[in-house]
Amino acid sequence: RHYILYTYGSDIGSALLVGVGGSGKHCVTHLASFIAGYKVFQITLTRSYNVSNLLDDLKILYRMSGLQGTGVSFMFADNEIKDESFLEFINNILSSGEVSNLFAKDEIDEILNELIPLMKKDDPRRPPTVENLYDYFLDRVRKNLHIVLCFSPVGEKFRSRALKFPGLISGCTMDWIRPWPRDALVAVSHHFLNSYPIDTTDEIKYSVIDCMGNVQ
């Protein structure tokens, strides 16, 4: 999808993909990230996953994007929202690029010290003060970290979350992912099954191909 690729190159570098389950939101994200040369990051959801685990994952993302300068697509789906407070952190990132008190003082000092030679190289006239280094760190995060929200419009949760966390809308480029048309599904089935040997007549084989298109 060219929409999400355009999003990666725009000032609002995050996307909200809206579509029912199975419409291809995850596939679109992986494809666009591969084309753009970005890594895809997803949380590993477990029964015990909580806010503390989310913050640890955000630390990893901030180090990758802000310190290492790696382009990252953070794919976050609505079925991964174990706690509504998760969205507060996502909303803050989309609104300001910052999560307050994400790093302890010794952690942020270590990060800023490692950024000194990089900032001197990019902007030799900029003094390496703590404030300048922190702003430089956040600028790199905003440039390299792209959040891709994969939400379903079904039910009231989508509407209520959009009202409660406005950054989900204002901080993203929204793209509605429509269900695949039947002709496209049959074409996929035909591509994989047409040359596959089936001991039957052509008429029954094409009926199987058509049936598999419907099953998808």
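Evaluating residue 100 against the criteria (1) open to solvent by 60 Å² or more (accessible area, probe 1.4 Å); (2) part of a helix (DSSP H, G or I) leaves one unmet condition, (2). Restricted to the stretch 39-85, and to residues that are in a helix (DSSP H, G or I) and among the β-branched types (Val, Ile, Thr), which residue is least open to solvent (accessible area, probe 1.4 Å)? Among them, the one singled out is 51. Only a single item in (1) modelled with pLDDT under 90; (2) over 23 Å from residue 24 (Cβ atoms) is not met by residue 124, and it is number (1).
Of the residues examined, residue 106 is not one that is open to solvent by 100 Å² or more (accessible area, probe 1.4 Å), among the acidic types (Asp, Glu), outside any helix (DSSP H, G or I) and out of contact with any His (no Cβ under 6 Å at 6 or more places or on another chain). Residues of the stretch 154-180 that are hydroxyl-bearing (Ser, Thr, Tyr) and touching a residue at least 40 places away in the same chain (Cβ under 8 Å): 170, 173. Within the stretch 196-216, if we keep just the residues that are in a helix (DSSP H, G or I) and modelled with pLDDT of 75 or more, the residue that is surrounded by the most Cβ atoms within 10 Å (Cβ to Cβ) turns out to be 208. Applying the set (1) more than 28 Å from residue 40 (Cα to Cα); (2) touching a Phe, Trp or Tyr at 6+ places or on another chain (Cβ under 9 Å); (3) among the charged types (D, E, K, R) to residue 120 leaves exactly one unmet item: (2).
The values are calculated or read from the model by the stated rules, or taken from the named source; none is laboratory data. Bear in mind the structure is a predicted one, so any value in this text is a computation, not a measurement. Cβ sites come from the backbone with ideal geometry, for glycine too, and all protein chains shown count toward neighbours. Accessible surface is based on the protein model in full, side chains and every heavy atom, while ligands, DNA and RNA are left aside. Shrake-Rupley method; radii C 1.70, N 1.55, O 1.52, S 1.80 Å.
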